[in-house]
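For reference, the structure discussed in these notes is given below.
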Amino acid sequence: MSDFEGLTALVTGGASGIGRATADLLAERGARVAVLDLDPSAVDEPLLAYRADVTDDASVRTAVADAVAALGGLDVLVNNAGVGAQGTVEDNDDTEWHRVLDVNVVGMVRVARAALPYLRVSAHAAIVNTCSIAATAGLPQRALYSASKGAVHALTLAMAADHVRDGIRVNCVNPGTVDTPWVGRLLGAAPDPAAERAALEARQPTGRLVSAAEVAGAIAYLASPLSGAATGTALAVDGGMQGLRLRQAAR
Ligand code: NAI
């Protein structure tokens with residue numbers, strides 16, 4: 001497909017996992033793509049790389065302006081940078097709550113704020129936020145992370161309403177557990193990584209983790225000019241985890 005031919009895109013958190021798969025896919029489908037990341041050292045051609053911390057407004061503004069200058073405009077923003085957090089409300093102190101919300105929620109606001117003036121003048125403007133099944137299903141030991149992604153879901157709807165008349169579509173994807181370096185780190189920290197992986201796989205009706213490429217495909221669908229009627233939607237990419245209720249398999 002070459003639906004992104006002639007378009008430009010910026011992917012935050014694009015140096016790893018879902019963001020990297022998305023940057024690669026958009027480039028394959030014809031876009032000129034820039035990545036914004038804390039550590040973009042592993043990002044190579046044809047992707048452009050910009051170092052920025054989404055919690056630092058000045059670094060975001062500089063990186064977005066530099067990326068747009070190099071790309072020659074901006075049509076697609078993929079707001080994907082995010083961090084995890086584990087535990088119940090008793091397990092994280094105020095500092096950790098502020099840190100995670102600052103990256104996962106305010107980070108998206110900062111990047112969108114810097115990108116909107118450029119998106120307004122695009123004929124095919126789209127923002128896709130990486131949300132999570134944690135926004136729509138109660139998952140154990142994820143109070144802070146879920147609160148952050150619930151906010152991303154609500155933010156997506158509000159932004160879609162605010163900017164629909166600017167011609168900017170805003171949507172999000174809600175992945176289940178995705179096989180990325182992030183989940184690799186989680187498994188590595190578990191007492192029994194193989195058992196933890198099996199439990200995560202069993203939680204998804206497809207019986208396996210989602211791949212980063214599958215989430216990238218959903219992000220590209222929402223960002224594509226072919227999806228001009230899709231705005232204010234949350235697309236689940238979770239192996240059926242949110243929507244299906246299976247009976248136990250017959251033995
Ligand atoms: P990852 O850890 O492989 O990649 C995240 C990238 O974001 C890294 O390159 C990291 O350097 C960058 N990043 C982190 N903090 C940043 C900051 N302050 N400023 C700039 N860049 C920063 O993670 P993964 O799994 O690809 O996650 C990407 C997004 O997908 C996150 O928003 C996450 O919440 C979401 N997600 C992940 C799921 C999973 O199971 N892996 C499931 C549902 C959602």
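What do you reckon, is residue 11 in a helix (DSSP H, G or I) and within 13 Å of the ligand (Cβ to nearest atom)? Break it down into steps so the answer makes sense when it comes.
Details: in a helix (DSSP H, G or I): no; within 13 Å of the ligand (Cβ to nearest atom): yes.
Considered against the rule, which asks whether it is in a helix (DSSP H, G or I) and within 13 Å of the ligand (Cβ to nearest atom), residue 11 comes out as no.
Can you report the number of residues in segment 67-82 which are at negative phi and either surrounded by fewer than 16 Cβ atoms within 10 Å (Cβ to Cβ) or polar (S, T, N, Q) (or both)?
4
Looking at this structure, is residue 137 assigned to a loop (DSSP other than H, G, I, E, B), surrounded by fewer than 18 Cβ atoms within 10 Å (Cβ to Cβ) and in contact with a Ser or Thr (Cβ under 9 Å, 6 or more places away or on another chain)? Talk me through it step by step, then tell me what you get.
On the way: assigned to a loop (DSSP other than H, G, I, E, B): yes; surrounded by fewer than 18 Cβ atoms within 10 Å (Cβ to Cβ): yes; in contact with a Ser or Thr (Cβ under 9 Å, 6 or more places away or on another chain): yes.
Spelling it out, residue 137 is indeed assigned to a loop (DSSP other than H, G, I, E, B), surrounded by fewer than 18 Cβ atoms within 10 Å (Cβ to Cβ) and in contact with a Ser or Thr (Cβ under 9 Å, 6 or more places away or on another chain).
May I ask you to say which residue of 231, 206 is polar (S, T, N, Q), within 20 Å of residue 150 (Cβ to Cβ) and out of contact with any Ser or Thr (no Cβ under 8 Å at 6 or more places or on another chain)? I'd like the intermediate steps shown before the answer.
Working: 206 fails: within 20 Å of residue 150 (Cβ to Cβ).
Going through 231, 206 in turn, the sole match is 231.
What residue, of 61, 51, 110, 32, is within 10 Å of the ligand (Cβ to nearest atom), among the basic types (Lys, Arg), in contact with a helix residue (DSSP H, G or I) (Cβ under 6 Å, 6 or more places away or on another chain) and farther than 23 Å from residue 186 by Cα? Before the answer, list the steps.
On the way: 61 fails: within 10 Å of the ligand (Cβ to nearest atom); 51 fails: in contact with a helix residue (DSSP H, G or I) (Cβ under 6 Å, 6 or more places away or on another chain); 32 fails: within 10 Å of the ligand (Cβ to nearest atom).
Unique residue meeting the criteria: 110.
Specify the residue that is surrounded by the fewest Cβ atoms within 10 Å (Cβ to Cβ); the eligible residues are those in segment 21-37 that are farther than 15 Å from residue 79 by Cβ and in contact (Cβ under 8 Å) with a residue 12 or more places away in the chain. Show your work before the answer.
Looking only at segment 21-37, we keep the residues that are farther than 15 Å from residue 79 by Cβ, and these are 21, 24-25, 27-32.
Pick out the ones that are also in contact (Cβ under 8 Å) with a residue 12 or more places away in the chain and you get 21, 24-25, 27, 29-32.
Values: 21: 23, 24: 19, 25: 22, 27: 17, 29: 18, 30: 14, 31: 27, 32: 21.
Checked segment 21-37; the qualifying residue surrounded by the fewest Cβ atoms within 10 Å (Cβ to Cβ) is 30.
How many residues, within segment 71-82, are within 13 Å of the ligand (Cβ to nearest atom), assigned to a loop (DSSP other than H, G, I, E, B) and not polar (S, T, N, Q)?
Here is the first cut: in segment 71-82, the ones within 13 Å of the ligand (Cβ to nearest atom) are 78-82.
If we keep only those that are assigned to a loop (DSSP other than H, G, I, E, B) as well, we get 80-82.
Keeping just the survivors that are not polar (S, T, N, Q) gives 81-82.
Residues in segment 71-82 being within 13 Å of the ligand (Cβ to nearest atom), assigned to a loop (DSSP other than H, G, I, E, B) and not polar (S, T, N, Q): 2 in total.
Would you mind stating whether residue 69 is under 25 Å from residue 178 (Cβ atoms) and of a type in the set (A, V, I, L, M)?
Details: under 25 Å from residue 178 (Cβ atoms): no; of a type in the set (A, V, I, L, M): yes.
Spelling it out, it is not the case that residue 69 is under 25 Å from residue 178 (Cβ atoms) and of a type in the set (A, V, I, L, M).
Within segment 23-55, track down each residue that is in a loop (DSSP other than H, G, I, E, B) and within 24 Å of residue 100 (Cα to Cα).
As a first pass, look at segment 23-55 and keep what is in a loop (DSSP other than H, G, I, E, B): 29-31, 38-47, 52-55.
Residues satisfying the conditions are 38, 39, 40, 41, 52, 53, 54, 55.
Would you check which residues across segment 105-154 are of a type in the set (S, T, N, Q) and more than 23 Å from residue 87 (Cβ to Cβ) and list them? Break it down into steps so the answer makes sense when it comes.
Step one: of segment 105-154, the residues of a type in the set (S, T, N, Q) are 122, 129-130, 132, 136, 141, 146, 148.
Scanning segment 105-154 gives 122, 129.
Mind counting the residues in segment 90-143 that are over 16 Å from the mean Cα position of the chain (by Cα) and either among the polar types (S, T, N, Q) or closer than 21 Å to residue 179 by Cα (or both)?
9
Quick one: would you say residue 51 is free of Cβ contacts under 8 Å to residues at least 40 places away in the same chain and of a type in the set (Lys, Arg)? Break it down into steps so the answer makes sense when it comes.
Details: free of Cβ contacts under 8 Å to residues at least 40 places away in the same chain: yes; of a type in the set (Lys, Arg): yes.
Here the answer is yes, as residue 51 does meet what is asked.
Just for segment 155-181: of the residues that are within 12 Å of the ligand (Cβ to nearest atom) and in a strand (DSSP E or B), which one is farthest from residue 203 (Cα to Cα)? Explain how you work it out, then say what you get.
First, pick out the residues of segment 155-181 that are within 12 Å of the ligand (Cβ to nearest atom): 172-181.
Filter again for in a strand (DSSP E or B), leaving 172-175, 178.
On the way: 172: 22, 173: 19, 174: 15, 175: 13, 178: 12 Å.
That would be 172.
Results for (1) touching a Leu at 6+ places or on another chain (Cβ under 7 Å); (2) surrounded by fewer than 14 Cβ atoms within 10 Å (Cβ to Cβ); (3) closer than 30 Å to residue 123 by Cβ; (4) without any contact (Cβ under 8 Å) to a residue 40 or more places away in the chain, shown as yes or no for each residue.
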{"site": "185", "(1), (2), (3), (4)": "no, yes, no, yes"}
{"site": "188", "(1), (2), (3), (4)": "no, yes, no, yes"}
{"site": "196", "(1), (2), (3), (4)": "yes, no, no, yes"}
{"site": "200", "(1), (2), (3), (4)": "yes, no, no, yes"}
{"site": "205", "(1), (2), (3), (4)": "yes, no, no, no"}
{"site": "222", "(1), (2), (3), (4)": "yes, no, yes, no"}
{"site": "238", "(1), (2), (3), (4)": "no, no, no, no"}
{"site": "245", "(1), (2), (3), (4)": "no, yes, no, yes"}
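Matching residues to (1) part of a helix (DSSP H, G or I); (2) of a type in the set (A, V, I, L, M, F, W, C); (3) more than 24 Å from residue 15 (Cβ to Cβ):
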| position | (1), (2), (3) |
| --- | --- |
| 62 | yes, no, no |
| 69 | yes, yes, no |
| 101 | yes, yes, no |
| 115 | yes, yes, no |
| 118 | yes, no, no |
| 146 | yes, no, yes |
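Residues being more than 13 Å from the ligand (Cβ to nearest atom) and touching a helix residue (DSSP H, G or I) at 6+ places or on another chain (Cβ under 9 Å): count how many of those fall in segment 118-154.
Taking segment 118-154 as the starting set, the residues that turn out to be more than 13 Å from the ligand (Cβ to nearest atom) are 118-127, 138, 140-141, 143, 154.
Next cut, touching a helix residue (DSSP H, G or I) at 6+ places or on another chain (Cβ under 9 Å) only: 118-120, 123-127, 138, 154.
So the count comes out to 10.
All of the numbers you see were taken from the coordinates with simple rules; none came from a lab. Because the structure is a prediction, the values reported are computed rather than measured. Note that each Cβ is placed from the backbone with ideal geometry, even for glycine, and that neighbours are counted across all protein chains shown.
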